[in-house]
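Read the structure below first, then the notes.
Read the figures in this text as sums done on the coordinates, not as results from a lab. Remember, predicted model here, so these are calculated numbers, not experimental data. Because the Cβ atoms are built from the backbone with ideal geometry, glycine has one as well, and the counts that use them run over all protein chains shown.
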Amino acid sequence: MKVVVIGGCSEVGSYLCPRLIQVGHECVCVVEDAQAKAYYAHGPEESGQFWEKVVVVELKRDELDAQSPGLFGAKICELKPDVVVDLACVDLPACQALVKSLQGTIKHFIHSGSFHVYSPSVPRPWEEDKARPHPLGLYASEQQRME
């Protein structure tokens, strides 16, 4: 399958992208800065050989959607993915716009939330089905809304 990972050079993405290649998938890593791969592509030492096969594409979500709402999603569709993993969305309207653009064109959409939706006062491990206190800050609030 062809998997597009938005935020592929993030903490999670830097492990996910080479692993996708390792298990036989095609992987496109979407970043806001193409130079990010040089700085953030890490993970287990053996992942280096797989990173060489990851295609890195620079797309700036905010700038594209400011030009024309939904343009970021259209650019993702142009990559012809089977699966889209979004590790970088930070607000609900952007997430909704991407989902709308992808509807009917892909097999799976995976949005990764953030542990920031849990208050520091909630003991670990966090259980998704348990009540949570109000998230701290705008970032955490938006992440919770996207869930």
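Among the listed pairs Lys60/Lys107; Lys60/Lys80; Lys53/Lys107, which are separated by more than 20 Å between their Cα atoms? Mind dumping the intermediate values first?
Values: Lys60/Lys107 24 Å; Lys60/Lys80 18 Å; Lys53/Lys107 23 Å.
Table pairs above 20 Å Cα-Cα are Lys60/Lys107; Lys53/Lys107.
How much net charge surrounds Phe72 when only other residues with a Cβ under 10 Å from its Cβ are counted (Lys, Arg +1; Asp, Glu -1)? Display every interim value, and only then the final one.
On the way: positive: Lys60, Arg61, Lys75; negative: Asp62, Glu63, Asp65.
Taking every Cβ under 10 Å from that of Phe72, the sum is 0.
Would you mind counting up the charge near Thr105? Only other residues with Cβ under 13 Å from its Cβ, with Lys and Arg at +1 and Asp and Glu at -1. Working shown, then result.
Working: positive: Lys2, Lys75, Lys80, Lys100, Lys107; negative: Glu78, Asp82.
Summing Lys and Arg as +1 and Asp and Glu as -1 gives +3.
Which net charge results when you count Lys and Arg as +1 and Asp and Glu as -1 among the other residues whose beta-carbon is under 15 Å from that of Pro81? Write down the numbers at each step before the final one.
Numbers: positive: Lys2, Lys75, Lys80, Lys107; negative: Glu26, Glu78, Asp82, Asp86.
Here the charged neighbours net out to 0.
Please list, ordered by chain and number, the residues whose modelled amide H lies under 5 Å from the amide H of Val5; skip anything fewer than 5 residues away on the same chain.
Val28, Cys29, Val30, Val85
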